[in-house]
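Trainee: Below you'll find the structure I mean.
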């Protein structure tokens, strides 16, 4: 009788252990996002000023390139819900000639009739977090970033009713904060694609024309105004190593 009861208890323990193991295995997520490891993101996109003021007002939306490294750790559910990354992006903004001619007043009087310049640059260096949301088809993420932003305007050459000249806007840099969202999907083996949108607030005052050959009309180049930009980008995501 004791042996029968002992056999029943042992069998029950084995069945319970098996069910527990199956339940634990079922908790491990399976999704088309990322597996633990290091990744490299190569992106290209479009950057535009949002509610532009200060010197950046004179420049139109332009293209951008980006490269980011990120890491996703192993967790009890397969991959951590949070990934860490660091990288850089560079945007190239063409001159808004019509806006410049409307805002700029040459030092010798008259009005500007034409203008040209190389593209201005916005460099961003960002460290940030990606918080993933498990999904059966794609992997949505919420992205938070902190870092450095640098505004490097090009010299503007102009022709006016009183002569020719050039003007250089002030160079500005400072801290930045960004928030955005994205979609990821693994396509084959270590290769994947992504798309994302981002809003950036730069804690720096983009300045007025620094050269003595002219000035801004009214307050179109406010020295005390921080600038916000928005970016849309997409590209390849490559898992590094094995």
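The values are calculated or read from the model by the stated rules, or taken from the named source; none is laboratory data. These numbers come from a predicted model, not from an experiment. Neighbour counts run over all protein chains shown; Cβ positions are idealised from the backbone, glycine included.
Trainee: Can we say residue 144 is at pLDDT 85 or above, closer than 18 Å to residue 230 by Cβ, part of a strand (DSSP E or B) and out of contact with any helix residue (DSSP H, G or I) (no Cβ under 8 Å at 6 or more places or on another chain)? Even if it seems obvious, please write down each step before you answer.
Mentor: Values: at pLDDT 85 or above: yes; closer than 18 Å to residue 230 by Cβ: yes; part of a strand (DSSP E or B): yes; out of contact with any helix residue (DSSP H, G or I) (no Cβ under 8 Å at 6 or more places or on another chain): yes.
Spelling it out, residue 144 is indeed at pLDDT 85 or above, closer than 18 Å to residue 230 by Cβ, part of a strand (DSSP E or B) and out of contact with any helix residue (DSSP H, G or I) (no Cβ under 8 Å at 6 or more places or on another chain).
Trainee: Given the criteria without any contact (Cβ under 8 Å) to a residue 60 or more places away in the chain and surrounded by fewer than 18 Cβ atoms within 10 Å (Cβ to Cβ), does residue 137 qualify?
Mentor: Numbers: without any contact (Cβ under 8 Å) to a residue 60 or more places away in the chain: no; surrounded by fewer than 18 Cβ atoms within 10 Å (Cβ to Cβ): yes.
For residue 137, the condition - without any contact (Cβ under 8 Å) to a residue 60 or more places away in the chain and surrounded by fewer than 18 Cβ atoms within 10 Å (Cβ to Cβ) - is not met.
Trainee: Just give me the residues in the stretch 155-175 being over 23 Å from the mean Cα position of the chain (by Cα), in a loop (DSSP other than H, G, I, E, B) and within 17 Å of residue 95 (Cα to Cα), in sequence order.
Mentor: 155, 168, 170, listed by residue number.
Trainee: If you don't mind, another one. If the requirement is being crowded, with 20+ Cβ neighbours inside 10 Å, at pLDDT below 95 and either within 28 Å of residue 226 (Cβ to Cβ) or touching a strand residue (DSSP E or B) at 6+ places or on another chain (Cβ under 9 Å) (or both), which of these qualifies: 124, 58?
Mentor: Details: 124 fails: at pLDDT below 95.
Going through 124, 58 in turn, just one is crowded, with 20+ Cβ neighbours inside 10 Å, at pLDDT below 95 and either within 28 Å of residue 226 (Cβ to Cβ) or touching a strand residue (DSSP E or B) at 6+ places or on another chain (Cβ under 9 Å) (or both): 58.
Trainee: Kindly indicate which of 150, 116 is in contact with a strand residue (DSSP E or B) (Cβ under 7 Å, 6 or more places away or on another chain) and under 20 Å from residue 44 (Cα atoms). Don't jump to the end; show me each part of the working.
Mentor: Numbers: 116 fails: under 20 Å from residue 44 (Cα atoms).
Of the residues listed, the single one that is in contact with a strand residue (DSSP E or B) (Cβ under 7 Å, 6 or more places away or on another chain) and under 20 Å from residue 44 (Cα atoms) is 150.
Trainee: Moving on. Among (1) at pLDDT 85 or above; (2) surrounded by 14 or more Cβ atoms within 10 Å (Cβ to Cβ); (3) farther than 30 Å from residue 130 by Cα, which single condition is residue 164 missing?
Mentor: Failing condition for residue 164: (2).
Trainee: Let me ask something else about it. Among the candidates 105, 115, which residue alone is touching a helix residue (DSSP H, G or I) at 6+ places or on another chain (Cβ under 7 Å) and part of a strand (DSSP E or B)?
Mentor: Values: 105 fails: touching a helix residue (DSSP H, G or I) at 6+ places or on another chain (Cβ under 7 Å).
None of the other options fit; the residue is 115.
Trainee: Ok, one more. Can you work out which of the residues in the stretch 207-233 that are modelled with pLDDT under 60, closer than 23 Å to residue 149 by Cα and in contact with a helix residue (DSSP H, G or I) (Cβ under 8 Å, 6 or more places away or on another chain) is surrounded by the fewest Cβ atoms within 10 Å (Cβ to Cβ)?
Mentor: Applying the filter and picking the extreme gives 223.
Trainee: Looking at the stretch 176-206, which of its residues are in contact with a helix residue (DSSP H, G or I) (Cβ under 8 Å, 6 or more places away or on another chain) and in a strand (DSSP E or B)?
Mentor: 205
Trainee: Please work out which one of (1) modelled with pLDDT of 90 or more; (2) over 19 Å from the mean Cα position of the chain (by Cα) is the condition residue 70 fails and give its number.
Mentor: Answer for residue 70: the failing condition is (2).
Trainee: Also, I was wondering about something else. Could you please give the count of residues in the stretch 66-102 that are closer than 30 Å to residue 161 by Cα and assigned to a strand (DSSP E or B)? Outline the logic, then answer.
Mentor: Keep residues of the stretch 66-102 that are closer than 30 Å to residue 161 by Cα, which gives 92-102.
If we keep only those that are assigned to a strand (DSSP E or B) too, we end up with 92-93, 95.
Of the residues in that region, 3 qualify.
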